[in-house]
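Notes follow once the structure below has been shown.
The values are calculated or read from the model by the stated rules, or taken from the named source; none is laboratory data. Source: prediction; values computed, not measured. Here the Cβ positions follow ideal geometry from the backbone for every residue, glycine too, while neighbour counts run over all protein chains shown.
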Amino acid sequence: MRERLDHRGVRGKLPQRHPLLLVDQVVELRAGESIRTRKAISGTEPCYRALPDDAAPESYAYPLSLLVESLGQSAALLWLEGQGEAVDESSALLFTGARGLRMLGAAYPGDVLEHTVELENVIAETVFARGVSRVGDRTVLTAESLIAARRPRTAMGPPDHQDHDQRGI
Amino acid sequence: MTAGATARWHEVPAPAFAAPLAAVDRWRAEEDGPRTRVDARLLVRGDDPNLAGHFPGFPILPGVFLLESLDQTVRAVFRVMFGAGVGLREVTRMRFVAPVLPGGELRWDIRLEPEGDEGVTASAKAYRGGGDAVAATFLAVFGRDSDA
């Protein structure tokens, strides 16, 4: 079944919040198979706040770390479909690594990233997916393998409050 | 052995490019033939506004910020030691071993090795909490800016 999610729906699924909730909308989700998401890049985002006025044009490239995080959050939305919460009482879904990330281009304020992630494999509690990020017809990032795993929460140290929203890792 | 134990520390100015945080405070390096070994540090600040959203009430440094830290460190080292601009081209593999919590100092052990004519391979480990507990490992390839 194909599904779409607006930003409200994305917030309902992912535990991240401003300024690190980096998926705006799910364009298409096929549970257990693939997902397409969008993230609009804006010059008002915090990563542009301290940029000096005389910065070179390439200095405006959206940070690679945030690009990878946005792709990873798209993968998490796919993994979480039908798999419960990102964090439950005993375990949490964690981004544990990646292989073969290739930085092929840059994205700038005004661009809309479109991420496509395909589920590759689930082995025990570990999931593998591959992904690609594009701006229009340009590919900016490819990932051979994004890896996430359910891990016991005891390995992560105590939270700093008892009463907060704990859906997420 | 700590990389560059006798080398002098370089403080890193605020990034002159879009960045979610200043991801390295200082570094020191020593050359060993064609290789360069780098020790770099970052104090993980509890008041970093990013942590308000990652996650509300449960602050953990996002794993990708370790990638950001590695990228900013290698860029800073190349700018100072070789007068060259470099950028991340490929992450062959990265593995997040243990979460990094605010308050501690992150320590990098990075080995840079020439790759082809203009590239550099970075083999890196990040240690958390000022000790010897590994937070993450990376193998990444950087290229000169003219390759972009």
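See the values below:
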{"quantity": "Subset of the stretch A:9-22 (residues that are touching a helix residue (DSSP H, G or I) at 6+ places or on another chain (Cβ under 8 Å) and touching a residue at least 60 places away in the same chain (Cβ under 8 Å))", "calculated": "A:10, A:13, A:14, A:16"}
{"quantity": "The stretch A:30-57: number of residues that are more than 9 Å from chain B (Cβ to nearest Cβ), in a loop (DSSP other than H, G, I, E, B) and crowded, with 16+ Cβ neighbours inside 10 Å", "calculated": "1"}
{"quantity": "Hits in the stretch B:97-116 - residues which are under 22 Å from residue A:100 (Cβ atoms) and either more than 14 Å from the chain's Cα centre (by Cα) or not hydrophobic (A, V, I, L, M, F, W, C) (or both)", "calculated": "B:97, B:111, B:113, B:114, B:115, B:116"}
{"quantity": "The listed residue being crowded, with 18+ Cβ neighbours inside 10 Å, under 17 Å from residue A:11 (Cβ atoms), among the aliphatic types (A, V, I, L, M) and within 14 Å of chain B (Cβ to nearest Cβ), out of A:92, A:76, A:61", "calculated": "A:76"}
{"quantity": "Flag for residue B:59 being in contact (Cβ under 8 Å) with a residue 12 or more places away in the chain and either in contact with a helix residue (DSSP H, G or I) (Cβ under 7 Å, 6 or more places away or on another chain) or closer than 30 Å to residue A:131 by Cα (or both)", "calculated": "yes"}
{"quantity": "The stretch A:1-29, residues that are in a loop (DSSP other than H, G, I, E, B), modelled with pLDDT under 95 and surrounded by fewer than 16 Cβ atoms within 10 Å (Cβ to Cβ)", "calculated": "A:1"}
{"quantity": "Residue match in the stretch B:33-40 (condition: at pLDDT below 95 and not basic (Lys, Arg))", "calculated": "yes"}
{"quantity": "Flag if residue B:5 is assigned to a loop (DSSP other than H, G, I, E, B) and within 9 Å of chain A (Cβ to nearest Cβ)", "calculated": "no"}
{"quantity": "Residue A:120 assigned to a strand (DSSP E or B) and touching a Lys or Arg at 6+ places or on another chain (Cβ under 8 Å)", "calculated": "yes"}
{"quantity": "Failed item, numbered, when residue B:14 is tested on (1) surrounded by fewer than 22 Cβ atoms within 10 Å (Cβ to Cβ); (2) within 15 Å of the chain's Cα centre (by Cα); (3) more than 7 Å from chain A (Cβ to nearest Cβ)", "calculated": "(3)"}
{"quantity": "Count - residues of the stretch A:24-61 that are at negative phi and in contact with a strand residue (DSSP E or B) (Cβ under 8 Å, 6 or more places away or on another chain)", "calculated": "17"}
{"quantity": "Unmet requirement for residue B:114, which otherwise passes all of (1) surrounded by 15 or more Cβ atoms within 10 Å (Cβ to Cβ); (2) more than 22 Å from residue B:13 (Cα to Cα)", "calculated": "(1)"}
{"quantity": "Residue under evaluation residue A:100, criteria (1) assigned to a strand (DSSP E or B); (2) at pLDDT 95 or above; (3) on the phi < 0 side of the Ramachandran plot; (4) within 11 Å of another protein chain (Cβ to nearest Cβ), criterion not met", "calculated": "(3)"}
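Yes or no, residue by residue, for (1) out of contact with any helix residue (DSSP H, G or I) (no Cβ under 6 Å at 6 or more places or on another chain); (2) modelled with pLDDT under 95:
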residue: B:44; (1), (2): yes, no
residue: B:68; (1), (2): no, no
residue: B:71; (1), (2): yes, no
residue: B:83; (1), (2): yes, yes
residue: B:101; (1), (2): yes, yes
